[in-house]
1. So residue 352 ticks every box in (1) within 30 Å of residue 126 (Cβ to Cβ); (2) open to solvent by less than 10 Å² (accessible area, probe 1.4 Å); (3) in contact with a Phe, Trp or Tyr (Cβ under 7 Å, 6 or more places away or on another chain); (4) at pLDDT below 80 but one. Which box is left unticked?
2. Restricting to region 270-283, name every residue that is open to solvent by less than 50 Å² (accessible area, probe 1.4 Å) and out of contact with any Phe, Trp or Tyr (no Cβ under 8 Å at 6 or more places or on another chain).
3. Check region 335-347 and report whether any residue there is open to solvent by 10 Å² or more (accessible area, probe 1.4 Å), at pLDDT 80 or above and under 26 Å from residue 258 (Cβ atoms).
4. For region 140-154: of the residues being in contact with a Phe, Trp or Tyr (Cβ under 7 Å, 6 or more places away or on another chain) and open to solvent by less than 20 Å² (accessible area, probe 1.4 Å), which is modelled with the highest pLDDT?
5. Answer yes or no as to whether residue 309 is within 25 Å of residue 401 (Cα to Cα), in a helix (DSSP H, G or I) and modelled with pLDDT of 85 or more.
6. Check 301, 252, 267, 247 and return the single one that is open to solvent by 10 Å² or more (accessible area, probe 1.4 Å), in contact with a Pro (Cβ under 6 Å, 6 or more places away or on another chain) and either assigned to a helix (DSSP H, G or I) or not aliphatic (A, V, I, L, M) (or both).
7. Identify all residues within region 111-133 that are over 18 Å from the mean Cα position of the chain (by Cα) and crowded, with 23+ Cβ neighbours inside 10 Å; write none if there are none.
8. From 3, 62, 90, 57, grab the single residue that is more than 24 Å from residue 360 (Cα to Cα), polar (S, T, N, Q) and under 20 Å from the mean Cα position of the chain (by Cα).
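The values are calculated or read from the model by the stated rules, or taken from the named source; none is laboratory data. The model shown is predicted, which means the values in this text are computed figures rather than measured ones. Note: ideal-geometry Cβ built from the backbone for every residue, glycine included; neighbour counts use all protein chains shown. Each accessible area value is taken on the protein alone, full model and side chains, heavy atoms only, with ligands, DNA and RNA left out. Shrake-Rupley method; radii C 1.70, N 1.55, O 1.52, S 1.80 Å.
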Amino acid sequence: MDTTWFKEPKYAWVGLGSLWIIGFIGALTRFSMAYFQVNISEDLGISRGYISMAWSTNLLITALCAPLGGWFVDRYGAKKVLLISVVMGTLGTGIVVIGEHPAVFFIGYAVVSGLAGIGTTTTYLLMFEWFSHHRAKAIALHTSANSVGLVITTPIFVSMSWLTWKDAFLASFVLSLLIALPVIWLGIKSHHQNKAVTAQGEGLIEVDNHDHDKPHTDTVAPSLKRAGHLPIFFLVGIALFTCGINMGTVEMNLVAIHQLANVSPSMIALSMSILGILEIVGSVTFGFLLDRFNKLVMMAMLFGIRILGFAVLFMHVGWSPILFAIAFGMTYLSVIPGGILIVNEHTKGKGKQTGFLFVFHQAGSIMGALIGGLSFDYFKNYQVLIGFDVVICILVTVGFVSLYISRRRSHRLHGVHNMKVSA
């Protein structure tokens, strides 16, 4: 009986489907915070700044929990960490639903839901264990879940005006309780279930594919200190920090940037729809490319596209909203998977390394949101923020190109040396 699909074990695809469903459900809270800010502010009698503070606190706690979650995965297994993560996320949305006080909203969304961040790195670690031939594509498919959720959720809530932000949180709570938790329990296989027979060459060999459900003792990863001294680790960390700033710019300030540039509401709506669709297209496209081509080159290309997008946004020409949506949407979900894949390949890193990389990204997201607010308060526009995005993207692009050239030169010199020795 064939136990593989597309050269990967069947349980890997089942697990990917399970994680995709969880990500799809998680899109509801992201949509609610982005779309219903005015309603939340009016219903709870709080300012936009209070909502932004809750959003930033959620990111901060998620960032702090990411390396802790990676440490738990290395010792107690991914399934347990995922269950705890979804339980905390479900509990957080439940608190928001039943609460009518600003403090309850803050505790539920910012604090309790933020603690769900212990599962942030777990999905990537599972992809590394489950997939060998289609790893980047699998990560891309998983990251598309949230975007697909946004694309489907937005027209539903826009067309049904009687639906409120509480309905979105309630739907997330119910779906997490009835679907997400059972899916983890049934769809994420335990250690002894993950033996798959896979083809290699002309024969079949049995491969024991651990899914982190139990601690590993057969693979020794370099310490975080050792990995931290590798140039690639630093470069990827800076790249994820830059990506976080870019995302903080877009998620918190993009609509305000367009409004300040006198972009019509219909054009803003169209550009945001295009952004959501291109997130999906871009994640799948670069997933295939990351599996086929040099990942350093692909990361340079990702940030090169972002440079063009932010440059167009800076100029505020007539088609800037659409062109920026295309450029940024294509790269929106691919930097994190690409960076983590590079570190995993070069350092054989485990949960701790992956978790600390997420700290860089979340720190950048918080800084991007803060820089946007401060620059607007001081300059009454967002030009400084957009210009800053352009500059840091250029620096990261140069970094990846330089590292790629350096590694090619090193491999070429190593090959010449080997030829001389053999001669």
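1. (2)
2. 274, 276, 280
3. Yes, there is a match, as at least one residue in region 335-347 is open to solvent by 10 Å² or more (accessible area, probe 1.4 Å), at pLDDT 80 or above and under 26 Å from residue 258 (Cβ atoms).
4. Ranking the candidates gives 145 first.
5. yes
6. 267
7. Of everything in region 111-133, those that are over 18 Å from the mean Cα position of the chain (by Cα) and crowded, with 23+ Cβ neighbours inside 10 Å turn out to be 130, 131.
8. None of the other options fit; the residue is 90.
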